[in-house]
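Working notes, beginning with the structure itself.
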Amino acid sequence: MLNIPDFRQRFGFLVFSIILNSAANALTIATSLGSAVCTGSSVNLADWTHISLGTTLLLYGVVVTILNQLLLGHFDWRRFISNLLYIVPFSYLVQFIGYFWDWLQIPALPLLPRLILNVLGLLGVAAAVSIYQRCNLIQHPNDDLSYILRFRFLHGSAIIAQWTSYLPPLTIIVVSFFATGHLRAIGFGTVFALIAQGAIMGWSDHHVFPHLKHHVDIVQAHHPALMNLDKVQAKPQ
């Protein structure tokens, strides 16, 4: 760990982002107005398979971890282990923080307060992803998928990478709907995330802890313009 640049700072931001991401995802589920696409797909998969949400998130993450290795084109043991290290606390934090939001009776609130909380939750998810993608110590496999697509294939575009990474969870949502005949955690918030989450992540790169730069470790030989990305991302706007 001593050989990792800025490790203490990055680790502190990582812990904060895991808690923020878990709490924000659980909040969107509690509002019943639609979650981020990956979370919504996990909720529906859990409903279909009758497996707990935490375990479903964990197993889902393992599958995406393997997909990430295939996209990299070689086995990256550090990335493989880091994906697994992220999903264990995150998966069960989402489930147990969800109990806390239920205890606060978030699902019973009137529509307008739930709508506001839903949007705040989605903003929190996007900001959390931006933070730990910049830390790049460990990442959730779904977000690492977006990260790999963004810097290996899509010239650093957060928006296009986010849209592309939505293909697996959208497929799960469709299959789950045909299997169960209904959808959960899909609604306004899901549409909002589809349209805006990538853009909010890009905005967060510049405005949420702007001194935290990207620590990019994807091969950039085919994308020379990305070599200056850290300097650009680190500047307050």
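Take the Cβ-Cβ distance between HIS207 and LEU84 as r, set R0 to 25 Å, and report the resulting FRET efficiency rounded to the nearest 0.05.
Working from the Cβ atoms, E equals 0.20.
Taking a 1.4 Å probe, which of ARG150, ARG8, ARG78 shows the most accessible area, and what order do the others take after it?
Greatest to least solvent exposure: ARG8, ARG78, ARG150.
Which of the helices in the chain meet the span-like rule: DSSP H, Cα axial reach of 24 Å or more, Kyte-Doolittle mean at least -0.5?
Span-like helices here: 7-31, 53-72, 77-103, 111-135, 188-207.
Residue separation times 0.36 nm, minus the C-alpha to C-alpha distance between HIS215 and HIS50: what's the value?
55.5 nm
Could you work out the local net charge near LEU57, counting Lys and Arg as +1, Asp and Glu as -1, over the other residues with Cβ closer than 15 Å to its Cβ?
Local net charge: -2.
Quick one: order ASP144, ASP76 from most to least accessible surface, probe 1.4 Å.
Putting ASP144, ASP76 in descending order of accessible area: ASP76, ASP144.
Answer rounded, prolate or oblate for the range 1-67, using the Cα gyration tensor with square roots of eigenvalues a ≥ b ≥ c: rounded when a/c is under 1.5, else prolate when a/b is larger than b/c, else oblate.
Judged from the Cα gyration tensor, the range 1-67 comes out oblate (a/c at least 1.5, b/c at or above a/b).
For LEU57, what accessible surface area do you get with a 1.4 Å probe? Give it in Å², rounded to 10.
My reading of the accessible area for LEU57 is about 10 Å².
If I model a spin label at THR180 and GLN9 as a point 7 Å from the Cα along the Cα→Cβ vector, what separation in nanometres do I get?
The modelled label-to-label distance comes out at 4.3 nm.
Only four residue types carry charge here, +1 at the Cβ of Lys and Arg and -1 at the Cβ of Asp and Glu. Report the dipole size of the range 40-171 about the Cα centre in Debye, rounded to the nearest 20.
Charge dipole, the range 40-171, about its Cα centre: 300 debye, nearest 20.
Simple spin-label model, 7 Å along Cα-to-Cβ: HIS155 to THR171 in nm?
2.7
For the charge dipole of the chain, defined by +1 on Lys and Arg C-beta atoms and -1 on Asp and Glu C-beta atoms about the Cα centroid, which residue among PHE16, SER91, HIS182 has the Cα displaced farthest towards the positive pole?
It is PHE16.
Give the separation of the Cα centroids, the range 13-63 to the range 91-117, in Å.
If we compute the Cα centre of each part, the gap is 13 Å.
Taking the Cα centre of the chain as origin, work out the dipole magnitude from +1 charges on Lys and Arg Cβ and -1 charges on Asp and Glu Cβ, in debye rounded to 20.
340
Out of the total accessible area of the chain (probe 1.4 Å, heavy atoms of protein only), what percent is carbon and sulfur?
Carbon and sulfur: 73 percent of the exposed surface of the chain.
For the chain, rounded, prolate or oblate, judged on the Cα gyration tensor with a ≥ b ≥ c (square roots of eigenvalues), a/c < 1.5 rounded, else prolate if a/b > b/c?
prolate
If I take R0 = 35 Å and measure r between the Cβ atoms of PHE96 and VAL191 in this structure, what FRET efficiency does the formula 1/(1 + (r/R0)^6) give, to the nearest 0.05?
0.80
The values are calculated or read from the model by the stated rules, or taken from the named source; none is laboratory data. All figures in this text were calculated on a predicted structure; none of them were measured in a lab. Positions of Cβ are generated from backbone atoms using ideal geometry, with glycine treated the same way; all protein chains shown enter the neighbour counts. Ligands, DNA and RNA are excluded from the accessible area calculation, which covers all protein heavy atoms including side chains. Shrake-Rupley method; radii C 1.70, N 1.55, O 1.52, S 1.80 Å.
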